[in-house]
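Novice: Here it is, the structure in full.
The values are calculated or read from the model by the stated rules, or taken from the named source; none is laboratory data. It should be emphasised that the depicted structure is a prediction, and the values quoted were computed from it without experimental measurement. Here Cβ is always computed from backbone atoms with ideal geometry, including for glycine, and neighbour counts include all displayed protein chains. Areas reflect the complete protein model, heavy atoms only, side chains present, ligands, DNA and RNA absent. Shrake-Rupley method; radii C 1.70, N 1.55, O 1.52, S 1.80 Å.
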Amino acid sequence: MMKKVTIHPVTRVEGHGKVTIAIDEDGHVERTRLHIVEFRGFERFVQGRPYWEAPVVVQRLCGICPVSHHLAAAKACDVIVGVGPDGLSPTAEKMRRLMHYGQMLQSHALHFYHLCSPDLLFGFDSDVTKRSVLAVAAEYPELAVRGVLLRKYGQELIQATAGKKIHGTGAIPGGINKHLTVTERDHFLKDIDQMIAWSVASVELVKKVHSKNPAFFDSFGSFPSNHLSLVRKDGALDFYHGNIVAVDKDGNKILDQVDYANYLDYIGEAVRSWSYMKFPFIKSLGKANGWYRVGPLARLNTCDFIPSELAQKEFEIFRAYTGGKPNNFSLHYHWARMIEMLHSAEVIKSLLNDPDLMAGELVRTGKKVNEGVGLIEAPRGTLFHHYRINEQDQITMCNLIVSTTNNNDPMNKAVEVTAKQFLEGREVTEGLLNHIEVAIRAYDPCLSCATHALGQMALDVELVDAAGRRISRLTRGV
Amino acid sequence: MPKPKIATCSLAGCFGCHMSVLDIDERILKLAELVEFDKSPINDIKNFTGECLVGLIEGGCCNSENVEVLRSFRKNCKILISVGECAIMGGLPSMRNGIPLKECLDEAYLNGPSVVDGQIPNDPELPLILDRVYPCHEVVKIDYFLPGCPPRADLIWNALVALLTGQPADLPYEVIKYD
Ligand code: SF4
């Protein structure tokens, strides 16, 4: 008799999701699926709107990393207004970078401290009452406060550059709409060394958690895969701009510094009947083998070095752990994420010391064209925005491949691997549910950061027999 | 005296309103002293543990599941607050209201330039999408509205403290914004 296990809803920012797991009569996991159950229709309803609205409108997709959408759309608009990705004034590019690295800092701090620290500090199957940031605050108050203040610092940088902490308006086609004031700069410079020190401590914290049981940490939900991200021309890690690089599980280059304006030549999206989220893949490898991971782990697997001192040191330790080959361990996303947070804090410091932020040209214009592609490395991975416009400046086509969509196949794979590791032949328990969550959570998907930005994902697991009769049911937070 | 309970949820929203709640920063620890969190993404409580004083709703209703969750909030919360444009007016997701749903689906899954061999997702596991996005007050009675996209952290904080302490709300003009 075939059993079906349903985990529902796995909540999110871009909608809600659920997991179904089919188990055969011998207790083997036969099939797992992560379904994304919400549909919004952005691609269609922005049609007819003027293109310059895109950076402000489309960021309402996601309130957790709105800056990413804001900037990816602005980069596409830069192309449309004839300024192009390399044509911004130094002031505009640096202000946008400050906004973006501020968001990286806040988003990584949020994910690590507010969402994941309970799992890492108390264990994957700890008591449910322990698995929230408030429990962390009760037991490790200094950690909770560190997380809150790191995030606050990033949010305030966003406010100073974009005008608002959430859904700001700083970037405009061809540039930015304000400078940083001297008062603002001094305010941020005052605390930046503390942020760097806390980021160093955060990297150490992950390493400490890992060292307690490296074998378990390495094997949890792990699988080999391709990795893709934007990388600067010289091979450096860069969150704001670069070319597309993709490597396979052994580090062989699949895509080597290709211009993202031509992304349609390299990237396709498959649709499956059971999910509203599409499945991107590298065209040369085909639908079955072309899927890839994005985000912190993928970025550290595709770049050659990190252009800031302390983060580079940590990067060398990270790379040495896998002998210089790509790291395919899912939970190492956390390690990579904290190295990136440290890098962000260092970049913020060097930007704050740059006089270009406080003076200089804000906006440039050029010869308008009717199509633009903008890519950026969002906290959760590569984000694609692509617009076409008509003579009246109205959007006629909008294509978005968001970071979490790029990780759709890997998250499905993570659910499958984790279910096989922990569910096979066992009874479904609350603690096991959290194992599935932990695997999905490593990707920091918008679908989960939605809910467990504040705690745990809501889950509803149903065991159903072949005739559809419910055998047992376990719910949490639904 | 037991602390009053507060519950929160996100329907068809972007979670920006929840992020704005987090933007009260250190005051979140103070909030935890004032109230007990009931059913909310902030903890692991499965079902309402009893009547809540306040329920905060982010997002409008775009599918049948949203409607169910909203109704259960109305049943279990004494005071229900729509937080943000999406909950109050449908917000950005309601931009699809003037367009046939099929056109939206076609654009995403058949016509998208990166789509290869497209199809419209259709599976019993996927819930029913409503014909249009509904603001919360069209589905249940709502007691208060906090405007903004998202409402400022200070607006949320001042309003909550006022409700919880029975004091009049101190809402200066500057904290009320509609963008
Ligand atoms: S009101 Fe704005 S911030 Fe709040 S959920 Fe809607 S789009 Fe997001």
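Novice: Calculate, in nm to one decimal, what residue A:213 and residue A:140 gain on full extension: separation in residues at 0.36 nm each, minus their alpha carbon distance.
Specialist: My answer for the length gained is 24.2 nm.
Novice: Right, another one. For residue B:5, enumerate residues with amide H under 5 Å from its amide H, sequence gap 5+ or separate chain, H modeled in the peptide plane.
Specialist: So residue B:5 has HN proximity to B:36, B:53, B:54.
Novice: How well do other chains shield peptide A:41-53, expressed as the mean number of their Cβ atoms within 10 Å of each residue Cβ?
Specialist: Mean partner shielding for this stretch: 5.
Novice: While we're on this one: May I ask you to give the percent of accessible area on region A:397-449 that is carbon plus sulfur, with a probe radius of 1.4 Å?
Specialist: Of all accessible area on region A:397-449, carbon and sulfur atoms account for 47 percent.
Novice: How long are the three semi-axes of the equivalent ellipsoid for region A:257-404, computed from the Cα gyration tensor as the root of 5 times each eigenvalue, in whole Å, largest first?
Specialist: 30, 27, 12
Novice: Scan around residue B:115 for amide H atoms under 5 Å from its own, H built in the peptide plane at 1.01 Å from N, and keep only partners 5 or more places away or cross-chain.
Specialist: A:269
Novice: Sticking with the crude label model, points 7 Å out along Cα→Cβ, report the distance from residue A:86 to residue B:164 in nm, one decimal please.
Specialist: 5.4 nm
Novice: What total accessible surface area, summed over both chains, is buried at the interface between chains A and B, computed with a 1.4 Å probe and given in Å² to the nearest 100?
Specialist: Looking at A and B, the buried total is near 5700 Å².
Novice: Another question about this same structure. Of the peptides A:183-194, A:375-386, how do they stack up when ordered by the mean number of other Cβ atoms within 10 Å, highest first?
Specialist: Result, highest mean Cβ count within 10 Å first: A:375-386, A:183-194.
Novice: Okay, moving on. How many Cβ atoms of partner chains, on average, are near each residue of A:59-65 if near means within 10 Å of its Cβ?
Specialist: Mean shielding by partner chains, rounded to a whole number: 6.
Novice: Further, regarding this structure: So how long is each side of region A:326-414 along the principal axes, counting just the alpha-carbon atoms, biggest first, in Å?
Specialist: 49, 41, 17
Novice: Contact order normalised by length for region A:207-311, with contacts defined as Cα pairs under 8 Å and 6 or more residues apart; what percent is it?
Specialist: Computed value for region A:207-311: 29 percent relative contact order.
Novice: Another one. Using only Cα atoms, figure out Rg for the protein assembly as shown and give it as a multiple of 2.2 N^0.38 Å.
Specialist: 0.89
Novice: Ok, one more. Any idea how far apart residue B:49 and residue A:127 come out in nm if each label point goes 7 Å out from Cα toward Cβ?
Specialist: Between residue B:49 and residue A:127, the label points sit 1.2 nm apart.
Novice: Using only the alpha-carbon atoms, how far is helix A:182-212 inclined from the longest principal axis of chain A? Give it as 0 to 90 degrees, nearest 10.
Specialist: The answer is roughly 30 degrees.
Novice: What residue among A:219, A:236, A:209 has its Cα farthest toward the positive end of the dipole of region A:194-252, where the charges are +1 on Lys, Arg and -1 on Asp, Glu, each on the Cβ?
Specialist: A:209
Novice: Moving to a separate point now. Students often get this wrong: which residues of region A:294-326 have the backbone nitrogen under 13 Å from the point 7 angstrom along Cα-to-C-beta of residue A:253?
Specialist: Once the point is set 7 Å along Cα→Cβ of residue A:253, A:302-304 turn out to lie under 13 Å by backbone N, inside region A:294-326.
Novice: How high is the relative contact order of region B:65-179, in percent, with contacts defined as C-alpha pairs under 8 Å that are six or more residues apart?
Specialist: Taking the mean separation of contacting Cα pairs over the length of region B:65-179, I get 34 percent.
Novice: Give a residue-ordered list of calculated ³J(HN,Hα) values for region A:383-393 (Karplus: 6.51 cos²θ - 1.76 cosθ + 1.60, θ = phi - 60°; whole Hz; x for Gly, Pro).
Specialist: Once θ is set to phi - 60°, the couplings for region A:383-393 become 10, 10, 10, 9, 10, 10, 10, 9, 4, 8, 6 Hz.
Novice: Still on this model: Work out from phi, with θ = phi - 60° and the Karplus expression 6.51 cos²θ - 1.76 cosθ + 1.60, the ³J(HN,Hα) of each residue of region A:231-236, listed in order in whole Hz, and give x for Gly and Pro.
Specialist: Each residue's phi maps through the Karplus curve to give 9, 4, 3, 8, x, 6 Hz.
Novice: As an exercise, use a Förster radius of 51 Å and the Cβ-Cβ distance of residue A:354 and residue A:25 to find the FRET efficiency, rounded to the nearest 0.05.
Specialist: In this case the efficiency is close to 0.20.
Novice: Mind checking the mean number of beta-carbon atoms from other chains within 10 Å of the Cβ atoms in A:276-288?
Specialist: The mean count of partner-chain Cβ atoms within 10 Å per residue comes to 2.
Novice: Okay, moving on. Specify whether the C-alpha gyration tensor of region A:190-265 places it in the rounded, prolate or oblate class, a ≥ b ≥ c being the square roots of the eigenvalues: rounded for a/c under 1.5, otherwise prolate if a/b is larger than b/c and oblate if not.
Specialist: oblate
Novice: Compute the Rg to Rh ratio over region A:256-311 from the alpha carbon atoms, using the Kirkwood formula for Rh, and round to two decimal places.
Specialist: On the Cα set of region A:256-311, Rg over Rh gives 1.08.
Novice: A further question on this structure: Please state, to two decimals, what the Cα-based radius of gyration of region B:80-179 comes to when divided by 2.2 N^0.38 Å (N = residues).
Specialist: Computed over Cα atoms of region B:80-179, the ratio equals 1.50.
Novice: Separate question: Residues with beta-carbon under 13 Å from that of residue A:287, excluding residue A:287: net charge, scoring Lys, Arg +1 and Asp, Glu -1?
Specialist: Overall, the nearby charge balance is 0.
Novice: Rounded to the nearest whole Å², what accessible area per residue is found for the protein assembly as shown with the 1.4 Å probe?
Specialist: On a per-residue basis, 35 Å².
Novice: Would you please give the FRET efficiency between residue B:106 and residue A:393, computed as 1/(1 + (r/R0)^6) with r the Cβ-Cβ distance and R0 = 35 Å, to the nearest 0.05?
Specialist: Plugging the Cβ-Cβ distance into 1/(1 + (r/R0)^6) gives 0.90.
Novice: With a 1.4 Å probe and every protein chain kept in, tell me what percent of the accessible surface of region B:42-179 is carbon plus sulfur.
Specialist: Carbon and sulfur together cover 55 percent of it.
Novice: Could you run the Karplus curve 6.51 cos²θ - 1.76 cosθ + 1.60 with θ = phi - 60° over region B:51-62 and give me ³J(HN,Hα) per residue in whole Hz, x for Gly and Pro?
Specialist: Those phi angles translate into 5, 9, 6, 10, x, 9, 10, 9, x, x, 10, 10 Hz.
Novice: Along Cα→Cβ, 7 Å out, is where each label goes; now give me the distance between the ones at residue A:367 and residue B:78 in nm to one decimal.
Specialist: Here the modelled spin labels are 6.9 nm apart.
Novice: With r as the distance between the Cβ atoms of residue B:120 and residue A:283 and R0 = 30 Å, compute the FRET efficiency 1/(1 + (r/R0)^6) and round to 0.05.
Specialist: After rounding, the FRET efficiency stands at 0.85.
Novice: What are the GluC sites (Glu not before Pro) within region B:1-75 that DSSP puts in a loop, where the Cβ has at most 13 other Cβ atoms within 10 Å?
Specialist: B:26, B:51
Novice: Give me the net charge for the shell around residue B:8: Cβ to Cβ below 13 angstrom, other residues only, Lys and Arg +1, Asp and Glu -1.
Specialist: -1
Novice: Collect residues whose amide H, placed 1.01 Å from N in the peptide plane, falls under 5 Å from the amide H of residue A:254; neighbours closer than 5 in sequence don't count.
Specialist: Distant-sequence amide H within range of residue A:254: A:246, A:247, A:248.
Novice: Could you sort the peptides A:272-281, A:358-367 by per-residue average Cβ neighbour count (10 Å cutoff), highest mean leading?
Specialist: A:272-281, A:358-367
Novice: Once you keep just the Cα pairs under 8 angstrom separated by 6 or more residues, what percentage relative contact order results for region A:151-233?
Specialist: In percent, rounded to a whole number, it is 14.
Novice: What is the local net charge at residue B:83, summed over the other residues whose Cβ is closer than 14 Å to its Cβ (Lys, Arg +1; Asp, Glu -1)?
Specialist: Value of the local net charge: -3.
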